[in-house]
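Everything below concerns the one structure shown next.
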Amino acid sequence: MTPNTATVTVATDIVELLVGIFRDVLRLPELTPETDFYEAGGDSLTAFQITGRLQEHLGADVPVSLVFAYPTPRELAEVVDADYGTA
């Protein structure tokens, strides 16, 4: 596996994890990596639930402000992957 492939795999795994978390928390079975947190009905309580689940899975204290700043699973995954050393 080349380093580029490893990075893509990690990012893809985090995207899939976040899509699952968003689906559970927002109670939306039809959610994609591009689904916007706000448009899907997200609020501050659900943002805290998302970061709590991330902490359980990654062992990292992800600030809730990241959910508001990066409102799609794909955008959030990129930041989480880069900032919290999931690789």
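The values are calculated or read from the model by the stated rules, or taken from the named source; none is laboratory data. Every value quoted in this text rests on a predicted model; they were computed, and no experiment measured them. Note that we place each Cβ from the backbone using ideal geometry, even for glycine, and neighbour counts take in every protein chain shown. To get the accessible areas, we keep the full protein, side chains included, count just its heavy atoms, and leave off ligands, DNA and RNA. Shrake-Rupley method; radii C 1.70, N 1.55, O 1.52, S 1.80 Å.
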Quick check on my filter: what residues within the stretch 39-87 are of a type in the set (Ser, Thr, Tyr) and either without any contact (Cβ under 8 Å) to a residue 40 or more places away in the chain or in contact with a His (Cβ under 7 Å, 6 or more places away or on another chain) (or both)? Ser44, Thr46, Thr51, Ser65, Tyr70, Thr72, Tyr84
Of all residues in the stretch 59-81, count the ones that are open to solvent by 60 Å² or more (accessible area, probe 1.4 Å), touching a helix residue (DSSP H, G or I) at 6+ places or on another chain (Cβ under 9 Å) and of a type outside the set (Asp, Glu). 5
Is it the case, given these coordinates, that Ala82 is of a type outside the set (Asp, Glu), closer than 12 Å to Ile14 by Cβ, part of a loop (DSSP other than H, G, I, E, B) and out of contact with any Pro (no Cβ under 8 Å at 6 or more places or on another chain)? no
In the stretch 52-62, is there at least one residue being modelled with pLDDT of 95 or more and within 9 Å of the chain's Cα centre (by Cα)? no
Restricting attention to the stretch 33-58, which residues are open to solvent by 70 Å² or more (accessible area, probe 1.4 Å), closer than 14 Å to Leu18 by Cβ and out of contact with any Lys or Arg (no Cβ under 8 Å at 6 or more places or on another chain)? Gln49, Arg53, Gln55, Glu56, His57
Here are some conditions: (1) surrounded by 17 or more Cβ atoms within 10 Å (Cβ to Cβ); (2) modelled with pLDDT of 95 or more. Ile14 meets all but one. Which one does it not meet? (2)
When the stretch 30-53 is examined, which residues are found to be touching a helix residue (DSSP H, G or I) at 6+ places or on another chain (Cβ under 8 Å) and not in a loop (DSSP other than H, G, I, E, B)? Thr46, Ala47, Gln49, Ile50, Thr51, Arg53
